[in-house]
Amino acid sequence: MDTITLDGHKKVLGILYVVSAMLTILGMVILKSILAFVFSFALDEANESDRRVIEMVLSLVQFLPYFIILFFSLPTLIAGIGLLTHQSWAPVMALIMGCLKIFSFPIGTAIGVYAIWIYSEHHKLKTASSPAA
C-alpha cells in the first residue's frame, strides 16, 4: 500500500469519526430529552415514597448522556477533525479512539478495526521504507 492510498484511508476515517461523533451527540441529546419527559411524568404520578426513589434514580441517570458525550464523542470528534486537517497529534488520538470504539458493537467495532488496520498498514509502510541498520 502506498502513502497516497493510506492518506485517503485516513481521510475516510476522519469523516467516519466526525459523523459517528455527531450522531452520538445527537442521540444523547434525544436520550436526555426522553429521560426528562419520562421522569417528569413518573414524578407527577408517583406517591411520596416512590417519588424519593425516582428522584434518586433521576439524579444518577441524568448525567449519563453528558458523560458519554464528554468522554467518547468529543474526543472522537476532535480526532476526526485532526485527521481531516492533517494535524501531527491526530494519528495517535485516532488510534486510541479506534481502540475504544471496538467496544461499541457493531458500527463502532467496524470503525475501530478499520482504524487499527490503517495504522498497522502505516507502521508497515514506515518500517519497509526505513533503511536497514
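The values are calculated or read from the model by the stated rules, or taken from the named source; none is laboratory data. Everything numeric here is computed off the predicted structure, so don't read it as measured data. Using ideal geometry, Cβ is built from the backbone for each residue, glycine included, and neighbour counts are taken over all protein chains shown.
Worth a mention:
- Positions within the stretch 77-133 being closer than 16 Å to residue 23 by Cβ, loosely packed, with under 14 Cβ neighbours inside 10 Å and either in contact with a helix residue (DSSP H, G or I) (Cβ under 8 Å, 6 or more places away or on another chain) or of a type in the set (D, E, K, R) (or both), in sequence order: 107, 109
- Of the numbered criteria (1) touching a helix residue (DSSP H, G or I) at 6+ places or on another chain (Cβ under 6 Å); (2) of a type in the set (D, E, K, R); (3) at pLDDT 90 or above, the one residue 11 fails is (1).
- Residue 103 vs. criteria of a type outside the set (Val, Ile, Thr), in a loop (DSSP other than H, G, I, E, B) and under 30 Å from residue 6 (Cα atoms): yes
- Pairing residues of the stretch 25-38 that are closer than 13 Å to residue 64 by Cβ with residues that are not hydrophobic (A, V, I, L, M, F, W, C), at Cβ distances under 6 Å and at least 6 apart in sequence or on separate chains, gives 28/65; 31/65; 32/65.
- In the stretch 1-87, counting only helices (runs of 4 or more DSSP H) that sit wholly within it, the ones holding 3 or more residues that are under 28 Å from residue 116 (Cβ atoms) and not small (Gly, Ala, Ser) span 3-45, 64-68, 74-84.
- Residue within the stretch 25-37 that is buried (at least 17 other Cβ atoms within 10 Å of the Cβ), over 10 Å from the mean Cα position of the chain (by Cα) and among the charged types (D, E, K, R) present: yes
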